[in-house]
Amino acid sequence: MKAVLEYWPALYQGLLTTIWVAMCSITGAAVGSLILGPLRMSSSRGVRLFALFIIEFIRGASALVALFWVFYSLPSMPHMPRLSPMVASILVLSLIGASYGAEIVRGGILAIPRGQLDASHALGLGKFRTLTKVVLPQALSQIVPSFAGLAADMVKWTSIVSFVGVRDLVYVGDSIRTATYETVSVYVVLGAIYWALCFICELIFQCVEHFLPLNKALRVTKCRSQPVPRAQMQTEGVKP
């Protein structure tokens, strides 16, 4: 373990890289989910089938194979750009996360009563305004808790980026293991760091869930509906 701690500066840089990849990938997955999820419920059959094909195509491939294809195979095709290891990693993880998150968004939207959609249309709201002003603010209370688990998984998925040369925790940890032969110590430290990152990620999403508009409104309503204690009523001069 002492030999591993001597390489802490390099391990710290790898940790920062892992955090950056995870943050960018989770953000990209969230944006992609909010696009693909509603498309899966489009009134147009063609749009629904197209969104379904994209989701199933991305989810059906191995994350590692998809990363290798984007980084190694894509540049060999005509007029295709060569992406840096970091950009390719974030792109692939974002797309994979979005393909899983789209079903989470779809489930959250389906949880909204149909009557609210009909009422919005009756008031003259278009589909886009109904989605952004009525549906999503309520659906987020269903989406965010489920997306928290996906985000934690995406933190662990970042370990594959070392295969294309991104100097993340796994890349640095493997270099330390090669230099020190401390296999057990290195992977115990890596496991503890990934566990801490996933725990912090879930805490962040719990905070986000706490401040969602619908959850705040429900807490206010619950507080107002609670009966006032008799002692407080007598102090304020209110008859029970």
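The values are calculated or read from the model by the stated rules, or taken from the named source; none is laboratory data. The structure presented is a predicted model; accordingly, all values stated were derived computationally and were not measured. Note: ideal-geometry Cβ built from the backbone for every residue, glycine included; neighbour counts use all protein chains shown.
Results for (1) more than 26 Å from ALA88 (Cα to Cα); (2) among the hydrophobic types (A, V, I, L, M, F, W, C); (3) in contact with a Gly (Cβ under 6 Å, 6 or more places away or on another chain); (4) buried (at least 17 other Cβ atoms within 10 Å of the Cβ), shown as yes or no for each residue.
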position: GLN138; (1), (2), (3), (4): yes, no, no, yes
position: ILE176; (1), (2), (3), (4): no, yes, no, yes
position: VAL184; (1), (2), (3), (4): yes, yes, no, no
position: TYR194; (1), (2), (3), (4): no, no, no, yes
position: CYS198; (1), (2), (3), (4): no, yes, no, yes
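Name, by its number, the condition in (1) closer than 23 Å to VAL65 by Cβ; (2) out of contact with any Leu (no Cβ under 8 Å at 6 or more places or on another chain); (3) touching a residue at least 40 places away in the same chain (Cβ under 8 Å) that does not hold for MET77.
Only one criterion is unmet by MET77, namely (3).
Among the numbered criteria (1) free of Cβ contacts under 8 Å to residues at least 40 places away in the same chain; (2) surrounded by 14 or more Cβ atoms within 10 Å (Cβ to Cβ); (3) more than 19 Å from GLY32 (Cβ to Cβ), which one does PHE71 miss?
So the condition that PHE71 fails would be (1).
Quick test for you: out of ILE96, ILE104, pick the one residue that is in a helix (DSSP H, G or I), under 27 Å from the mean Cα position of the chain (by Cα), under 25 Å from ARG167 (Cβ atoms) and hydrophobic (A, V, I, L, M, F, W, C).
Going through ILE96, ILE104 in turn, the sole match is ILE96.
Going through the range 28-42 one residue at a time, which ones are in contact (Cβ under 8 Å) with a residue 12 or more places away in the chain and not aliphatic (A, V, I, L, M)? Can you show your working first?
Our first condition is that a residue be in contact (Cβ under 8 Å) with a residue 12 or more places away in the chain; within the range 28-42, this holds for 28-41.
Matches in the range 28-42: GLY28, GLY32, SER33, GLY37, PRO38, ARG40.
Just give me the residues in the range 155-172 being surrounded by fewer than 20 Cβ atoms within 10 Å (Cβ to Cβ) and either in contact with a Pro (Cβ under 6 Å, 6 or more places away or on another chain) or not in a helix (DSSP H, G or I) (or both), in sequence order.
Residues satisfying the conditions are GLY165, ARG167.
Taking the options GLY124, GLY115, name whichever one is modelled with pLDDT under 80 and not in a helix (DSSP H, G or I). Before you say what the answer is, go through the steps one by one.
On the way: GLY115 fails: not in a helix (DSSP H, G or I).
From the options GLY124, GLY115, the qualifying one is GLY124.
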